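Just so it is clear, none of the values below were taken in a lab; they were calculated from the coordinates. Nothing here was measured: the structure is a model prediction, and the numbers come from that model. In this analysis, Cβ positions are derived from the backbone assuming ideal geometry, glycine residues included, and neighbour counts consider all displayed protein chains.
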Amino acid sequence: MNNQYANQKNKYHWLKLIIVVIIVAAVTSALTIGLMMRYLFPKEFEPVTLSAQEKIVLKAKINKLEDVPRSQKHDRGEKTKTAASQETKSNTLEPERYTEDEANRRVSFSERELNALIAQNTDLATKLAIDLSDNLASAKLLVPLDPELPFIGGKTLKVTAGVELRYADQQPIVVLKGISFWGVPVPNAWLGGIKNIDLVKEFGSSGGFWQLFSAGVDEIRVEEGLLTIQLKE
């Protein structure tokens, strides 16, 4: 009787063990599939949609950048409404004295505004997203892969990158913090050894883009949700 009871108890023990193993395997499989779907086959991003008030603010900023400098009106006199209306309708330009406004050298965009501009003006609306945090600009990009590639053909490659942006010692600082494919960081050697190096300091003295960039920027600041750049005269 004791042997029969022991055998029955042993069977229950193994049955419980098998059930636990099956549950663990099922949970592990579900997590693995979930991670694969998230990192290997990510969904497209949802484009940023601004509110009516946010659209007005952004439009004012764009208009400020696109406006032709206004002339000093005390020399020319005010235009009449009729003349202004006719100029708008004919879309013609009039000669104007060149002026510079100090305020026009300072440009700032929020994270939502940058993503909204991407959504409105490029075909990357559902494929590129920008994140702004203190001294760091991050990007996520979805890249469709060639259908003829083996194994991963037709899938979507998720690329993430981070760049440190700030201003110190009278010059901008631009540092690539890293690039990842499907959440896997790319080795620094594959990036040409430029990871965690101040690109302006490293390449600015040799001329070219980084020297021009540094010479034209008086301040650059990235904070939570906001990018601000002050240009030099």
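Give the number of residues within the stretch 200-233 that are in a helix (DSSP H, G or I) and touching a helix residue (DSSP H, G or I) at 6+ places or on another chain (Cβ under 6 Å). Of the residues in the stretch 200-233, 6 are in a helix (DSSP H, G or I) and touching a helix residue (DSSP H, G or I) at 6+ places or on another chain (Cβ under 6 Å). Any residue in the stretch 204-227 that is in contact (Cβ under 8 Å) with a residue 12 or more places away in the chain and farther than 30 Å from Asn63 by Cα? There is at least one residue in the stretch 204-227 that is in contact (Cβ under 8 Å) with a residue 12 or more places away in the chain and farther than 30 Å from Asn63 by Cα.
Do we find that Ser214 is among the polar types (S, T, N, Q) and surrounded by fewer than 16 Cβ atoms within 10 Å (Cβ to Cβ) in this structure? In short, no.
When Val107, Val159 are checked against the criterion of being touching a residue at least 12 places away in the same chain (Cβ under 8 Å), closer than 23 Å to Gln53 by Cβ and out of contact with any Asp or Glu (no Cβ under 6 Å at 6 or more places or on another chain), Val107 stands alone in meeting it.
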